[in-house]
1. Quick query: amide H of THR74 versus all other amide H atoms, modeled in the peptide plane; which residues come in under 5 Å with a sequence gap of 5 or more or a different chain?
2. For ASP94 and HIS20 in one chain, what is 0.36 nm times their gap in residues minus the Cα-Cα distance, to one decimal in nm?
3. First select every other residue whose beta carbon is under 10 angstrom from the beta carbon of VAL73; then total the charges, Lys and Arg +1, Asp and Glu -1.
4. Which net charge results when you count Lys and Arg as +1 and Asp and Glu as -1 among the other residues whose beta-carbon is under 12 Å from that of VAL90?
5. Between THR176 and LYS53, what is the label-to-label distance in nm when each label sits 7 Å out along the Cα-to-Cβ direction?
6. Taking neighbour counts of Cβ atoms within 10 Å as a proxy for exposure, in what order, fewest first, do VAL132, VAL90 appear?
7. Could you line up PHE92, PHE86 from fewest to most neighbouring Cβ atoms inside 10 Å?
8. Around ALA42, what is the net charge, scoring Lys/Arg as +1 and Asp/Glu as -1 over all other residues with Cβ under 13 Å from its Cβ?
Amino acid sequence: MKKPLKEYTIQFIGLKQGEHDFEYTINKTFFEYFDYDEFNDANIKLSIVLNKKTTLLELHFKISGSINTNCDVTNESYNQDLSNEFNLIVKFGDEYNNENEDILIVPHGTYEINVAQYIYELIVLSIPAKRVHPGVLDGTLQSDILNKLKELSPKQTNNNNKEIDPRWDTLKKLLTDK
């Protein structure tokens, strides 16, 4: 088992009740800890607002930034913008329980919480399932792969010149003979 990333451990025992802000910059090194290498680089700003109450903690995660990834169509690298938010409630109970994705139960007497796993999941789930270079979408990207895809795609033919099966004419009469 890997040691948790210490810089993402929040000690809440000495904090007063109310809101506390934590700011982080996430880069590719963070994802290497999780053996995640689906993109080339990352520059993501993360803010966590921890609202300490008498019986629980409310954490509000907010990310914004970009990752550098490869297009699924052309394999060209590009920057994909990301933004997302997530709320987590930390309650105190008899034993540790993280089965609910929005509620974490930690044993009484716990004085800190490591949020690295929640940050990782928030960012990874923010990445589109299909990553497409913006140049592919607006037609401005020129690449050998796109040219080859166009060359190999099925050609559009003019259907007006084809001879129509006479059985269709009989069926069309049914529509007009009302």
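1. HIS133
2. Values: separation 74, 0.36 × 74 = 26.64 nm, distance 2.60 nm.
Fully extending the segment from ASP94 to HIS20 adds 24.0 nm.
3. On the way: positive: LYS130, ARG131; negative: ASP72, GLU76.
Here the charged neighbours net out to 0.
4. Details: positive: LYS52, LYS53, LYS91; negative: GLU58, ASP102, GLU112.
Net charge around VAL90: 0.
5. With each label point 7 Å from Cα toward Cβ, the separation is 7.2 nm.
6. On the way: VAL132 15, VAL90 19.
With the sparsest Cβ surroundings first, the list reads VAL132, VAL90.
7. Values: PHE92 13, PHE86 19.
By the 10 Å Cβ count, ascending, the order reads PHE92, PHE86.
8. Values: positive: LYS28, LYS45; negative: GLU32, ASP37, GLU38, ASP41, ASP81.
Charge balance in the 13 Å sphere: -3.
Every number in this text was worked out from the coordinates using simple rules, so none of it is lab data. Being a predicted model, the structure only gives us computed values, none of them experimental. Quick reminder, even Gly has a Cβ in these numbers, built from the backbone with ideal geometry, and neighbours come from all protein chains shown.
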